1. How large a share of the accessible area of the range 161-217, in percent, is made up of carbon and sulfur atoms when the probe is 1.4 Å and the other protein chains stay in place?
2. Hey, what do the phi angles of the range 260-269 turn into as Karplus ³J(HN,Hα) couplings, whole Hz, using 6.51/-1.76/1.60 and θ = phi - 60°, x for Gly and Pro?
3. For the range 93-214, just say rounded, prolate or oblate: build the C-alpha gyration tensor, square-root its eigenvalues into a ≥ b ≥ c, call rounded for a/c under 1.5, and beyond that prolate if a/b exceeds b/c, oblate if not.
4. How many nm separate the modelled label positions at GLN232 and HIS257, each set 7 Å beyond the Cα in the direction of the Cβ?
5. From the backbone phi of the range 311-326, what are the Karplus-calculated ³J(HN,Hα) couplings (6.51 cos²θ - 1.76 cosθ + 1.60, θ = phi - 60°) in whole Hz, Gly and Pro given as x?
6. VAL124: net charge of surrounding residues, Cβ under 12 Å, Lys/Arg +1, Asp/Glu -1, itself excluded?
7. Given a 1.4 Å probe and every protein chain left where it sits, what share in percent of the accessible area of the range 222-337 is carbon and sulfur?
8. Any idea what the relative contact order of the chain is, in percent, if you count C-alpha pairs under 8 Å spaced at least 6 apart?
Amino acid sequence: MPKTTLHIVNGDSFGDKLRASGIDGEILVWRESLYEGPIGMQMSDSVLLSVRASYMNNRYGIPEDTFKSQTLQQEKKLDTLSSGVDEVVLWFEHDLYDQLMLCYLLSRIADLPRHSFRLSLICVDAFPGVDPFYGLGQLAVDQILHLHGTWLPVSEDQLALACKVWTAYSASEPLSMAALLEEDLSALPFLKKALAAHTARFPSLQNGLSAIHQLTLELLVDEEVSPPSLFQNLAEQASHYGLGDLQFFGILEGLWHCEYPLIQVLGGDKLPRYNEAWPPQFDEYRVKITELGKLILTCKQDHIFLNGIDEWIGGVHLLGTKDVWRRNAVTTGFSML
């Protein structure tokens, strides 16, 4: 029988180009955003899946049934990998979004019953002639062909590290991840920077803002900009997060539609959600920082004390106005405030 290959990739854009390249094998696009929402060791757990589906529906408008069925289809594909496949190739990038997905997939595969297929990985943070490099989806079909066959076998050290990362990421407190960051993470060379970005997603002790919130407000101090331009500016300065526009618009909604807004959006009453086209005049919308936003940015007020929080960062549920896990933006340590 001919040998069979399964390629697992992040993003339909890259998946479509990989198909167009004529590469041998089946292509599975992993669409579950493990960057956000409630997280657990097994993402197909029925209770967790229901909570996640509700979260994604509320935040982005993704239909709950659609989210559940897509997740279960992907998980079932992982559970049946050992039947009829000779090699599994993982295609991923350097940013936090991809590194979390990679660690989950490696930890899931490590837990499968003994398998005979080869497990290989290609993980890049650059490509010749592509600057700035954000991800594999930027590449043309002929560029993708240059990567064919450059993947390397996944080592036992990489599998073990991925399992440790996913356990720490799923924990209900951030201390285990902070401790993991002090260890040798070089088996997965892009992991340390990505996980440092993960810890910066927690609200700071100084003003209750995450690093992304902080950067967003800093970009608005001197001028009003359109949402697409603001996203582009932030994506360039924080490319190690791997944020998509839908995620970023969700972040903006949180800063806008809270009790004490940190920003205003002029031109419309909401931002695009799942499967919604951008409004015709979207480039004419303007995002501006409020006076309160300026006070919070300069640590004269506190976002969480004023607006509270109801957010998941990995397995950590941040809820309320006090006794919330925060990071010290100076020392990078964690404490409850």
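1. That fraction is 62 percent.
2. Per-residue couplings from phi come out as 10, x, 9, 9, 10, 10, 9, x, x, 9 Hz.
3. oblate
4. 2.6
5. 9, 10, 10, x, x, 8, 9, 8, 9, x, 10, 8, 6, 10, 5, 9
6. Once positives and negatives cancel, what remains is -4.
7. C and S fraction of accessible area: 50 percent.
8. 19
The values are calculated or read from the model by the stated rules, or taken from the named source; none is laboratory data. Only a predicted model underlies this, so the values are computations on that prediction, with no experimental measurement involved. Quick reminder, even Gly has a Cβ in these numbers, built from the backbone with ideal geometry, and neighbours come from all protein chains shown. Calculation scope for accessible area: heavy atoms of the full protein, side chains included, ligands and nucleic acids excluded. Shrake-Rupley method; radii C 1.70, N 1.55, O 1.52, S 1.80 Å.
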